[in-house]
Amino acid sequence: MMELFLQLDTWAALITLTFLEIILGIDNIIFISISSNKLPEHQRKKATMTGLALAMITRVILLFSISYLTKMSAPLFTIHTSWFQAGVSIQSLILFLGGVFLIFKSTKEIRQKMEESQLKTEVKNSKKFSLSKVIFQIILIDIVFSFDSILTAVGMTNGIDGAFTIMIISVIISMVIMMAFANPVNKFVSKNPTIQMLALSFLILIGFMLITEGAHLSNILIFNNLVGSIPKGYLYFAIVFSLGVEFLNMSITKNNRETPSKN
């Protein structure tokens, strides 16, 4: 075991995979933050920590089920028509349904925020949502995000000595780091309505990415054109770029408020 960590390749894989797990976990933190904000303030921290703990447990369980996950890529059924072909597997179904759920949930939240004032929304949600209901929603989306994350990790560590140990350690380290920053992120999102709207828009993009990933795993052909997956790097670059622009706008607005008018 110790000899494994004397190899440079092990540390390179561990650092790279941990960083990747944190990046892939950003969407999880966003969803958990938005869901926990439905609760009274004194329950939000508990919901956030519970959600991230469940995400870590889910990922570890999935890692121990790698051999079963590999079998889940086999098609459950196939579809053949003159213009549409697909071999649908459990993997692709999980990603597809998770993407649909994210788009539905995010669109519903955006519509709610546009139709009602923030105060009325908070009062309504505090009465409507319970801690158990929010945690149940978090568990459902944790399964989807964890599934996608583990498939990525397995692909990255394929052929590396001690791959399973590296994946377990990287998942634990990344989740501990996310737990440390989750509550500050949660408070920041809840205090800035524009960031909330931007985060919900990100979740729609991520949902669309999961749908295309599921379609790609199903080898869907539409008029003999294979549906490709969206590179995650493009998506996360768009998210970081958009956040950077929004932070600049917030900084300019703050400076304008603090600077006294010369007129």
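The values are calculated or read from the model by the stated rules, or taken from the named source; none is laboratory data. Remember, it's a predicted structure, so these values are computed and weren't measured experimentally. Methodologically, a virtual Cβ is constructed for each residue, glycine included, from the backbone with ideal geometry; neighbour enumeration extends over all protein chains shown.
List of remarks:
- Checklist (1) surrounded by 12 or more Cβ atoms within 10 Å (Cβ to Cβ); (2) under 16 Å from Gly99 (Cβ atoms); (3) not aliphatic (A, V, I, L, M) applied to Lys187, failing item: (2)
- Scope the range 31-67; condition charged (D, E, K, R) and either assigned to a helix (DSSP H, G or I) or out of contact with any helix residue (DSSP H, G or I) (no Cβ under 9 Å at 6 or more places or on another chain) (or both); matching residues: Glu41, Arg44, Lys45, Lys46, Arg59
- In the condition set (1) surrounded by fewer than 11 Cβ atoms within 10 Å (Cβ to Cβ); (2) under 23 Å from Gly87 (Cβ atoms); (3) under 15 Å from the mean Cα position of the chain (by Cα), Gly233 is compliant with all but (2).
- All told, Met197 falls short of being in contact with a Leu (Cβ under 6 Å, 6 or more places away or on another chain), in contact (Cβ under 8 Å) with a residue 60 or more places away in the chain and assigned to a helix (DSSP H, G or I).
- Screening Ile168, Ile172 for residues that are at pLDDT 75 or above, surrounded by fewer than 22 Cβ atoms within 10 Å (Cβ to Cβ) and under 18 Å from Tyr68 (Cα atoms) leaves exactly one candidate, Ile168.
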